[in-house]
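Following: one structure in structure tokens, then a few remarks.
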Amino acid sequence: MKGKKILIPVLLLITLIAIGVTIWALCFRDTAPVLAPDYAPVEQESNAQALEDDSDEKLEAEEGGGAVSLTYSNEVTIDLSDKAASLVFANPGKSLQDMVVQIVIDETVIVQSGTLKPGNQVTTLNLLDGAEKQLQPGGYDGKFVVFYYDPDSGEKAVVNTEIPITITVQE
């Protein structure tokens, strides 16, 4: 009889704890991914640099279509103290589309560039706010996710590109 009197309050306490954790997980945890904009950001990437020895000869594309060329390294280094990623990513001048690049680890966007116009490259991008708190020193498998935008209307293209990369995080 005594065991039943203790069992009911213990089960009630476990139930209340489970409900509390569920409410916290659904309402207060910030795990929403960063979405790519439907229109290219008005801001051009502040860390963009003009490509040297870049050709102005554009790729050919059908009416209403687009064509791009990419130059990149599949290795990225993130410095937690600087809150920045060191990379090589370029949108050569022959591309017909503007680009926005994201660095993603386990479906979490940690970096997103501004608009990268044809003929420009980036070697440093800043981490998104709070991203440094989600990372520890070490190696990660990640990916570049590249979104393409019409340079005239700013409208996002239907396709995007995902490129596997290796990410080294250091303090």
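Residues of segment 63-93 that are of a type outside the set (S, T, N, Q), open to solvent by 50 Å² or more (accessible area, probe 1.4 Å) and part of a strand (DSSP E or B): Tyr72, Glu75, Val88. Of note, Asn126 does not satisfy the criterion of being over 14 Å from the mean Cα position of the chain (by Cα), closer than 21 Å to Gln49 by Cα and either of a type in the set (D, E, K, R) or at pLDDT 90 or above (or both). Scanning segment 129-171 for residues being more than 16 Å from the chain's Cα centre (by Cα) and of a type in the set (Asp, Glu) gives a total of 4. Every test in (1) open to solvent by 20 Å² or more (accessible area, probe 1.4 Å); (2) farther than 19 Å from Asn47 by Cα is passed by Asp129 save one, and that test is (2). Please go through segment 117-153 and give me each residue that is outside any strand (DSSP E or B) and within 16 Å of Ala85 (Cα to Cα), ordered by number. Within segment 117-153, Leu128, Asp129, Gly130, Ala131, Glu132, Lys133, Gln134, Leu135, Gln136, Pro137 qualify.
Given the condition open to solvent by 70 Å² or more (accessible area, probe 1.4 Å), of a type outside the set (Val, Ile, Thr) and free of Cβ contacts under 8 Å to residues at least 24 places away in the same chain, answer yes or no: does some residue in segment 132-141 qualify? Yes - at least one qualifying residue is present in segment 132-141. Condition (residue is hydrophobic (A, V, I, L, M, F, W, C), touching a Pro at 6+ places or on another chain (Cβ under 8 Å), surrounded by fewer than 22 Cβ atoms within 10 Å (Cβ to Cβ) and part of a strand (DSSP E or B)) applied to segment 161-169: is it met by at least one residue? Yes, that holds for at least one residue. Examine segment 99-112 for a residue that is in contact with a strand residue (DSSP E or B) (Cβ under 9 Å, 6 or more places away or on another chain), acidic (Asp, Glu) and either surrounded by fewer than 23 Cβ atoms within 10 Å (Cβ to Cβ) or under 17 Å from Val169 (Cβ atoms) (or both), and state whether such a residue exists. Within segment 99-112, one or more residues are in contact with a strand residue (DSSP E or B) (Cβ under 9 Å, 6 or more places away or on another chain), acidic (Asp, Glu) and either surrounded by fewer than 23 Cβ atoms within 10 Å (Cβ to Cβ) or under 17 Å from Val169 (Cβ atoms) (or both).
The values are calculated or read from the model by the stated rules, or taken from the named source; none is laboratory data. Only a predicted model underlies this, so the values are computations on that prediction, with no experimental measurement involved. Note that each Cβ is placed from the backbone with ideal geometry, even for glycine, and that neighbours are counted across all protein chains shown. Surface areas here come from the heavy atoms of the whole protein model, side chains and all, with no ligands, DNA or RNA. Shrake-Rupley method; radii C 1.70, N 1.55, O 1.52, S 1.80 Å.
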